[in-house]
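In what follows, a single structure is set out as structure tokens and then discussed.
The values are calculated or read from the model by the stated rules, or taken from the named source; none is laboratory data. Quick caveat, the model's predicted, so the values are computed rather than measured. Cβ: placed from backbone, ideal geometry, glycine included. Neighbour counts: every protein chain shown.
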Amino acid sequence: MAENLPALAVLTTEIKFCAGDCVVVVCHGRLVAGTEDGFYETVRELMPANKRIVLDLADLQHTDSRGLGSLVRLYVAGRSVGSDVELMHLSKQISHLLGMTELFKVFTVIGESGVKFM
């Protein structure tokens, strides 16, 4: 069964540039140990040229503590260079993790039309 783990630990991203200095990073797969560093570097390279970075998590199938840690690292990195990292299309699992860790207080979560939830 261990030989199946690399196939499960796949994360891909699509980068969509919006008007102005906004970019949407669409995540596909699993943000777990083994994928989090590459994900972090991909998004980090978009800072500070883009002041608003939206992580679209609609197709994110699973995350673990390392994946959650990379989201927090991106939030901190963004703050340090003047970029906002926002989340959209949260799955039940991601919502549950953010609620348990009280990270809803940290992240801005936006809806379908780009409207921020308070």
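Residues in the stretch 61-84 include none that are surrounded by 15 or more Cβ atoms within 10 Å (Cβ to Cβ), farther than 18 Å from Thr101 by Cβ and under 10 Å from the mean Cα position of the chain (by Cα). Go through the stretch 60-89 and give me each residue that's aliphatic (A, V, I, L, M), assigned to a helix (DSSP H, G or I) and farther than 15 Å from Glu36 by Cβ. Hit for the stretch 60-89 is Val81, nothing else. Of the residues in the stretch 90-103, at least one is under 16 Å from Val26 (Cβ atoms) and assigned to a loop (DSSP other than H, G, I, E, B). How about the stretch 15-32: which of its residues are among the aliphatic types (A, V, I, L, M), modelled with pLDDT of 95 or more and surrounded by fewer than 16 Cβ atoms within 10 Å (Cβ to Cβ)? Hit for the stretch 15-32 is Ile15, nothing else. Checking the structure you have, find out if any residue of the stretch 7-14 is in a helix (DSSP H, G or I) and at pLDDT below 95. So far as the stretch 7-14 goes, yes, one or more of its residues are in a helix (DSSP H, G or I) and at pLDDT below 95.
For every residue, the table says whether it meets (1) aromatic (Phe, Trp, Tyr); (2) in contact with a Leu (Cβ under 6 Å, 6 or more places away or on another chain).
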site	(1), (2)
Val23	no, yes
Met47	no, no
Thr63	no, yes
Arg73	no, no
Glu86	no, no
Gln93	no, no
Met100	no, no
Phe104	yes, yes
